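Asks: The structure's right below; bear with me while I get my questions together.
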Amino acid sequence: MPLNKIGAVKLIVGDAKENQSYFEQMFGMKEIDHYRDAAYDEPIMGFEGGAHLALFSPKLEPPLEKSAYPVALFYTPDLDALVKRLQDAKHPVHMLDAAQTGTLKIAIARDPSGNAIELVARAGNWAVGGSKLIVSDRQKAEAFYAKVFNATPGQRFKTPVYDEVLMKFGDGPFLALFQPLAEAALAKSKYPVVAIFSSEFEAVVQRLADLGVGYRDVPTSRPGQRIIVTTDPAGNAVEIIRRVQPAAD
């Protein structure tokens, strides 16, 4: 079992209820938890298993311009039906041409807050497949996640308009580091865009210190839980949540 894994893809959204309804009605997701206080509202959505989707609605931060590129990836066993459902509900979605995707069937949708979502046809169950972070320097971001979390590079994609690597965290969801080569840098939210569960939490904190990277503790009322937020070299806020490794039988 990997010591670090993607626990949740986190989307920065406007109205939490509107976006929650979108993922419930279009994707069949269910609310499995909910966090809220004076500064934010955050329903946590999920399928039957696997990583979660956090819909983070900040109350004290103005809306930021969204990237033209996807920030999350979902696997679905019935892409055609999903695309039709989105179209019938008048939600933005389009299929990518086979010349762009090769043997894969891929569509791009946009949630009510404008986040681009990559939808990939795959047999089996619905799943949150990965978090896609927009970075300014793919090489620096890759080195950061490899050093701090022991993530390993997998597939690479390079075109005239982007440079992307999929960082592997065991067999679970990946973390894509996507560097647009034809899009001006956009302002980043101070709130996390991915949550990483760590059962080597103290070691991760030490690696951040060794790199001279700061972090802030996040107050939590849940006993035994510790959460920090740091930033990667591109300015993406990353939430790190301590998890206890299950004892071996």
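No value in this document is a laboratory result; all are computed from the given coordinates. What you see is a predicted model; the values in this text were computed from it and never measured. Cβ sites come from the backbone with ideal geometry, for glycine too, and all protein chains shown count toward neighbours.
Asks: Rank-order 216-222, 46-52 by packing density, defined as the average count of other C-beta atoms within 10 Å over each peptide's residues, highest first.
Replies: Those peptides, ordered most packed to least, come out 46-52, 216-222.
Asks: Let me ask something else. Need one number: % antiparallel among DSSP beta bridges in the chain, to the nearest 5. Could you put the intermediate results ahead of the total?
Replies: Working: 48 of 68 bridges.
The answer is about 70 percent antiparallel.
Asks: Count charges around LYS66 for me, please; just the other residues with Cβ under 10 Å from its Cβ, Lys/Arg as +1, Asp/Glu as -1.
Replies: Neighbourhood net charge equals -1.
Asks: Which residue fluctuates most in the GNM of the chain (Cα springs below 10 Å): GLY28, GLY212, GLY114?
Replies: Result for the chain, Cα springs under 10 Å: GLY212 fluctuates most.
Asks: Can you return the aspartates and glutamates within cross-link range of LYS90? Criterion is Cα-Cα under 16 Å, with same-chain partners fewer than 8 residues away left out.
Replies: GLU18, GLU24, ASP80, ASP111
Asks: How much length, in nm to one decimal, is gained on full extension between HIS34 and ALA184, taken as 0.36 nm per residue of separation minus their Cα-Cα distance?
Replies: Separation in residues times 0.36 nm, less the Cα-Cα distance, equals 50.6 nm.
Asks: Let me ask you something else. Nearest 5 percent is fine: what portion of the DSSP beta bridges confined to the stretch 129-248 is antiparallel?
Replies: Counting DSSP beta bridges with both partners in the stretch 129-248, the antiparallel share is about 65 percent.
Asks: Based on the Cβ-Cβ distance from LYS140 to VAL161, what FRET efficiency comes out when R0 is 22 Å, to the nearest 0.05? Intermediate results must be reported in sequence, preceding the final value.
Replies: On the way: r = 19 Å, r/R0 = 0.88.
My answer for the efficiency is 0.70.
Asks: Have a look at the DSSP beta bridges in the stretch 67-146 and tell me what percent are antiparallel, nearest 5.
Replies: Of all bridge pairs located within the stretch 67-146, approximately 70 percent are antiparallel.
Asks: Ok, one more. Between the stretch 156-175 and the stretch 90-148, how many Å separate their Cα centres?
Replies: Centre-to-centre distance over Cα atoms comes out at 10 Å.
Asks: Please identify the trypsin sites (Lys or Arg not before Pro) of the stretch 55-125 that satisfy two criteria: DSSP loop assignment and at most 10 other Cβ atoms within 10 Å. Which are they?
Replies: Those satisfying the criteria are LYS90.
Asks: Peptides 126-133, 236-243: what's the order by average Cβ count within 10 Å, highest mean first?
Replies: Highest to lowest by the protection proxy: 126-133, 236-243.
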